[in-house]
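To start, the structure under review is shown below, and the notes come after it.
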Amino acid sequence: MGWVAFALVACGCQAGLRYAAPAPGIPAAYRAPAAAAGAVPAAWWKGFGSAELDGLMADAERGSFDIRAAVARMQQADAQLRAAGGALLPEVTGSASHSWNRGSSVSFSGGRRIAESRSYSFGPNLSYELDLWGAVGAARDAAAAAALFSRYDQETVRLSVLTSVASAWFNALAFQDRLAVAGRNLRDAEEILAAIRARQDAGTASLLDVSQQETLVAGIRAQVPNLRLQRDGQVAALAVLVGRLPEQIDAPSGTLAALTLPPVAPGLPSALLVRRPDVAAAEANLQAQNANIRAARAAFFPAITLTGSAGWQSAALTSLISPGSLLLNAAASASQVIFDNGRLSAQLAQTQARNDELLANYRKAVVQAFADVETGLTQLRETTEQERLEQEAVNTAQRAADIARAQVLAGTLDIVTALQTQTALFNDLDLLAQARLARFQAEVTLYKALGGGWTQGDVLAPETPIFNGVL
């Protein structure tokens, strides 16, 4: 009766340690104005309307080294789960042996006698540890949670890779746009330079006027190599992200201005936590650590093992399989740590402290998720306004530059005013390209903050031959 009561108490303690999800604080609404309805599509990048980007995303999902590594980590975790699940059933092994012995002895009469013997045996052996305190089950639960974590981690890596591909591609396209702007500006500046030289030949412009325009032309021309360098650097980064050689990736074609900027509906804050794989991964770590605590507590109780064997043993191989050769054996053993100088207590304290650490990490991940969405919404709003204002500035500068060019060609405008209008237009055009890039990057950031269309229900629970599901 004492052992039964002891087992009931232990099982009761184990049940009290079962995992309970922490209650995170969820805001009622986002501070930044946003539409509450809708959800992010799984293939969110298709909303930009670029077949080139769609192809790069498909390449990344197939060939990304980071995604492949994450899949391999998931396969490792699944294998560890199968190994941990195997301990819940008896272990059966088989053995077979053959021994031969030859010896000699001397009799009292002085004669030598040779003795020879053989022995054959084979049969199965069984060993099973009774999981009265839940230690083996807790180890399996920890492995199951780790396998679930690996799935969430794979989705986190996938989201990071895909948003990085979009970001690098938009960067490369923006540098391409800025190169086009620099080429246009260079042509305009060279046209005005030719007009000023003609005026110098006519005696209506000075050498200083020519030199000032030549300085502007040289400055614009000097920007081109740096822009090409930065564009090619983004193309090389794209190659790494999609798992291809840099020579296999071409510079982007087209312009950011030709792309669609789809609206993003962040939805309600209460739905965010099931959309973020990093938050789900942080909670899976908590689940695994809860199981580790149960295993550490179970180590304080006795380990009870049942063993058994059956087989046949005979001196002759021909009579090995016979009723007279049958052997049976069964045993039960229990072991209990009496003194370990505080080792088990220290291990339990360590697992509990680790749980506190992971709980803090989980709560930080939750807060970070809401902060990411707030930041993304704010960035998208402000960059949209910035692009609008830069477009207005370009329109104004373009009108002034058109008037100045016409007057320079007609010889009715001083060179200083012409230089000022050119410089203002060139700067505004370049700033507009950068503002447009910032808006696209803000949208990618918001897609990532919202989980990229992923939901927790998309992940299949790990399976073992013994148990399906997890925790």
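In table form, for the structure just shown:
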{"read-out": "The listed residue being farther than 30 Å from ARG73 by Cα, among the hydrophobic types (A, V, I, L, M, F, W, C), touching a helix residue (DSSP H, G or I) at 6+ places or on another chain (Cβ under 7 Å) and in a helix (DSSP H, G or I), out of LEU159, LEU208, LEU186", "value": "LEU186"}
{"read-out": "Among the residues listed as ALA72, ALA146, the single one being without any contact (Cβ under 8 Å) to a residue 60 or more places away in the chain, assigned to a helix (DSSP H, G or I) and assigned by TED's automatic domain parsing to the domain that holds GLY452", "value": "ALA72"}
{"read-out": "ASP278 being acidic (Asp, Glu) and under 18 Å from the mean Cα position of the chain (by Cα)", "value": "yes"}
{"read-out": "Out of GLY324, GLY376, GLY308, GLY267, sole residue that is surrounded by 18 or more Cβ atoms within 10 Å (Cβ to Cβ) and at pLDDT below 90", "value": "GLY267"}
{"read-out": "Residue within segment 150-159 that is hydroxyl-bearing (Ser, Thr, Tyr) and under 28 Å from ARG439 (Cα atoms) present", "value": "yes"}
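Okay, residues lined up against (1) of a type in the set (D, E, K, R); (2) touching a strand residue (DSSP E or B) at 6+ places or on another chain (Cβ under 6 Å); (3) at negative phi; (4) at pLDDT 90 or above:
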{"site": "PHE370", "(1), (2), (3), (4)": "no, no, yes, yes"}
{"site": "GLU387", "(1), (2), (3), (4)": "yes, no, yes, yes"}
{"site": "THR396", "(1), (2), (3), (4)": "no, no, yes, yes"}
{"site": "GLY411", "(1), (2), (3), (4)": "no, no, no, no"}
{"site": "THR417", "(1), (2), (3), (4)": "no, no, yes, no"}
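The values are calculated or read from the model by the stated rules, or taken from the named source; none is laboratory data. No experiment lies behind these values; they were computed from the predicted model shown. We place every Cβ from the backbone using ideal geometry, glycine too, and count neighbours over all the protein chains shown.
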